[in-house]
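K.L.:
The following block contains the structure, expressed as structure tokens.
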Ligand code: TYD
């Protein structure tokens, strides 16, 4: 299976991806835990261009191209080989992040995002868990964490609220694939919700 975790910055999806990967490994599965932007050597190099520096460093179009280039490398070098040998892939973010982040930054970009995806990626996870958390709570968690990778978090609360709405809308757009998981509470409680949904 190919499983993705999605959500706004600080929602806890990275923790949940790790917990699910651990649980599946204990159950005897061959699991590759990976992330975007990144997940392969080339994509990790592109990641630095995307997440560091000023919030307005790239135009929205250039940003879409960079995310798509990173995803293509991730798909070729990490995801497809793992699935081909019968493994399970758990990824912290995938194409839904581009739909929501780049779509939220500029609503009229969604068509371009969809066309780039169809041309270069054309792959969807079997199941996607959106960790749903109130933007103010998530932003407080993100700031508490610190570090240099704050280019998107630095875009502010209004942006994070638009993202949260975008992720909820995805669950309606792709009801067969996307499950909305309540992100409130202790990590183990959220993990139990994910396992129940899976
Ligand atoms: P990530 O490493 O998941 O950050 P965090 O752990 O803080 O959630 O992702 C880095 C940033 O890149 C994050 O703010 C979301 C953004 N992003 C996009 O805007 N588009 C994309 O396609 C992806 C994969 C990430």
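K.L.:
Mind telling me which of the residues 44, 52, 6, 61 ends up being surrounded by 15 or more Cβ atoms within 10 Å (Cβ to Cβ) and more than 14 Å from the chain's Cα centre (by Cα)?
P.N.:
Every option except 44 fails the conditions.
K.L.:
Related question: Could you please let me know if residue 14 is within 13 Å of the ligand (Cβ to nearest atom) and at pLDDT 95 or above? It would help to see each step written out before you state the result.
P.N.:
On the way: within 13 Å of the ligand (Cβ to nearest atom): yes; at pLDDT 95 or above: yes.
In short, yes.
K.L.:
Checking residue 25 against (1) out of contact with any strand residue (DSSP E or B) (no Cβ under 8 Å at 6 or more places or on another chain); (2) away from the ligand (no atom under 11 Å from the Cβ); (3) without any contact (Cβ under 8 Å) to a residue 24 or more places away in the chain, only one condition comes out false. Which one?
P.N.:
It is condition (1) that residue 25 fails.
K.L.:
Do the conditions hold for residue 104, that is, is it within 16 Å of the chain's Cα centre (by Cα) and modelled with pLDDT under 95?
P.N.:
yes
K.L.:
Now for a separate question. Could you look through segment 58-77, keep only residues that are more than 10 Å from the ligand (Cβ to nearest atom), in contact with a helix residue (DSSP H, G or I) (Cβ under 8 Å, 6 or more places away or on another chain) and modelled with pLDDT of 95 or more, and pick out the one that is farthest from residue 123 (Cα to Cα)?
P.N.:
By that ranking, first place goes to 65.
K.L.:
Okay, moving on. What tally of residues in segment 28-53 results from selecting those that are within 9 Å of the ligand (Cβ to nearest atom) and touching a residue at least 40 places away in the same chain (Cβ under 8 Å)?
P.N.:
So the answer is 5.
K.L.:
Suppose we filter segment 77-108 for residues that are surrounded by fewer than 20 Cβ atoms within 10 Å (Cβ to Cβ) and over 28 Å from residue 23 (Cβ atoms); how many remain?
P.N.:
4
K.L.:
Looking only at residues in segment 125-136 that are farther than 20 Å from residue 34 by Cβ and either surrounded by fewer than 16 Cβ atoms within 10 Å (Cβ to Cβ) or at pLDDT below 85 (or both), which one is nearest to the chain's Cα centre (by Cα)?
P.N.:
In the first step, residues of segment 125-136 are kept if they are farther than 20 Å from residue 34 by Cβ; the result is 132-136.
Next, from what is left, pick out any that are either surrounded by fewer than 16 Cβ atoms within 10 Å (Cβ to Cβ) or at pLDDT below 85 (or both): 134, 136.
On the way: 134: 17, 136: 19 Å.
Filtering first and then ranking leaves 134.
The values are calculated or read from the model by the stated rules, or taken from the named source; none is laboratory data. Predicted model only: the values in this text are computed from it and were never measured. Note that each Cβ is placed from the backbone with ideal geometry, even for glycine, and that neighbours are counted across all protein chains shown.
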